[in-house]
Amino acid sequence: MALRWGLGLALMPGLVAAPPAGMDEAARARHLASFDQVALTVAERHWDPTLGGVDWAAAKAELRPRVERAASAEEAREAMRALLGRLKQSHFGIVPAEVYSDLQAGGSGGGATPGLTLRLLGNEAVVMAVEPGSSDASDGPASWRR
């Protein structure tokens, strides 16, 4: 019994995993701060105070460790996207800092387009054209209705 206990103690340090290589601590700290800012912004500013019934604190507690373990910026952003995905609403996203900085400086943002052309007819917005390969094209007309 003493031998087993000794082995258990000897192996225990191996159970505490070090952060994966590939992201330095400064970058990890920035991603954690970003995750916390996303969570706080939604909690404080979302138009529905119940967040559609989402337990936001539980979602944050579940997903924040993914940022802590992330080996890349993309893995950290994926955890943030997963958090926002819990809302099951469109038009929420993570804008990488380098893109955001470019936009703030008057850059083009990489040539992104909405993927469709709308015209106002009376009080209705009518889809006039859809850009091939856009999400609007792949989702089809049923997704365009309110």
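Nothing in this text is a laboratory measurement; each read-out follows from the coordinates by a stated rule. What you are looking at is a predicted structure, and each value in this text was computed from that prediction instead of being measured. Note that we place each Cβ from the backbone using ideal geometry, even for glycine, and neighbour counts take in every protein chain shown.
Here are the numbers for the structure shown:
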read-out	value
Relative contact order (%) - criterion: Cα under 8 Å, at least six apart; region: the range 21-88	42 percent
Label-point gap, in nm, between D48 and L118 - each point 7 angstrom along Cα→Cβ	2.0 nm
Restricting the range 23-83 to chymotrypsin sites (Phe, Trp or Tyr not before Pro) in coil, as DSSP defines it, with at most 13 other Cβ within 10 Å	W47
